[in-house]
Amino acid sequence: MLLYVLADEIIDKTEVKYMQEAITIQVSDRAVRRATQAAAQTQKRIEEILADWLEWVITEMPVDSLPDDEVIALTQLQPTPNLETRLSHLLERNRENALDVDGKRELDELMRQYERGLLRKAQALRVAVQRGIREPHQS
């Protein structure tokens with residue numbers, strides 16, 4: 001089955017700007033069935049679901065398959081000040097048992113983002129040392 005999908009490309013990493021390009025891809029019937037189910041559940045178009053999945057795959061590529069410049073960028077990854085501030089606030093409220101269900105859900109999601117960033121940074125440090133583009137224990 002052929003579908004039209006919007007492909008996103010980040011132009012400027014400091015500001016999130018996207019360039020969209022329409023492309024045609026052939027996907028398996030299995031992928032179409034899953035995308036159709038996800039589209040029905042989320043009230044999105046199939047094309048949006050597939051574009052989201054492609055973006056996720058690109059974002060979650062194994063660190064050892066990234067080019068050197070992206071590995072180096074990941075070694076310098078830091079949480080944003082907004083993330084740190086919000087996490088601190090939610091953690092404090094959680095310690096006080098003052099979080100409602102939405103607050104707990106937000107805390108869980110932000111903690112997943114934070115932990116994922118730490119994991120990606122650690123993986124990038126390992127890969128950078130293995131490739132010889134960074135010294136071990138370099139600050």
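The values are calculated or read from the model by the stated rules, or taken from the named source; none is laboratory data. Values in this document were obtained by computation on a predicted structure and should not be read as measured data. Positions of Cβ are backbone-derived with ideal geometry, glycine not excepted, and every protein chain shown enters the neighbour counts.
If you filter the range 116-139 down to residues that are part of a loop (DSSP other than H, G, I, E, B) and of a type in the set (D, E, K, R), you find that the one that is surrounded by the fewest Cβ atoms within 10 Å (Cβ to Cβ) is 135.
Taken together, 57, 63 contain a single residue that is surrounded by 11 or more Cβ atoms within 10 Å (Cβ to Cβ) and within 27 Å of residue 116 (Cα to Cα), which is 63.
Per-residue answers, yes or no, for (1) modelled with pLDDT under 95; (2) not hydrophobic (A, V, I, L, M, F, W, C):
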residue	(1), (2)
89	no, yes
92	no, yes
96	no, yes
119	yes, no
126	no, yes
131	no, yes
134	yes, yes
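Per-residue answers, yes or no, for (1) assigned by TED's automatic domain parsing to the domain that holds residue 21; (2) surrounded by 13 or more Cβ atoms within 10 Å (Cβ to Cβ); (3) within 15 Å of the chain's Cα centre (by Cα); (4) not hydroxyl-bearing (Ser, Thr, Tyr):
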site	(1), (2), (3), (4)
35	yes, yes, no, yes
39	yes, yes, no, yes
42	yes, no, no, no
48	yes, yes, no, yes
52	yes, yes, yes, yes
81	no, no, no, yes
84	no, yes, no, yes
91	no, yes, no, yes
100	no, no, no, yes
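Only one of the numbered conditions (1) free of Cβ contacts under 8 Å to residues at least 24 places away in the same chain; (2) charged (D, E, K, R); (3) under 16 Å from residue 60 (Cα atoms) is violated by residue 100, and that is (3).
Taking the condition in a helix (DSSP H, G or I), among the aliphatic types (A, V, I, L, M) and loosely packed, with under 15 Cβ neighbours inside 10 Å, does residue 25 pass? Taking the combined requirement at face value, the residue does not satisfy it.
Table: residues versus (1) farther than 23 Å from residue 127 by Cα; (2) at pLDDT 85 or above.
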residue: 21; (1), (2): yes, no
residue: 27; (1), (2): yes, yes
residue: 50; (1), (2): yes, yes
residue: 76; (1), (2): no, yes
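On inspection, residue 113 fails the criterion of being without any contact (Cβ under 8 Å) to a residue 24 or more places away in the chain, loosely packed, with under 15 Cβ neighbours inside 10 Å and either closer than 19 Å to residue 124 by Cβ or touching a Cys at 6+ places or on another chain (Cβ under 6 Å) (or both). Would you please name the residue that is nearest to residue 105 (Cα to Cα), looking only at residues in the range 41-86 that are among the hydroxyl-bearing types (Ser, Thr, Tyr), free of Cβ contacts under 8 Å to residues at least 12 places away in the same chain and in a helix (DSSP H, G or I)? Applying the filter and picking the extreme gives 85.
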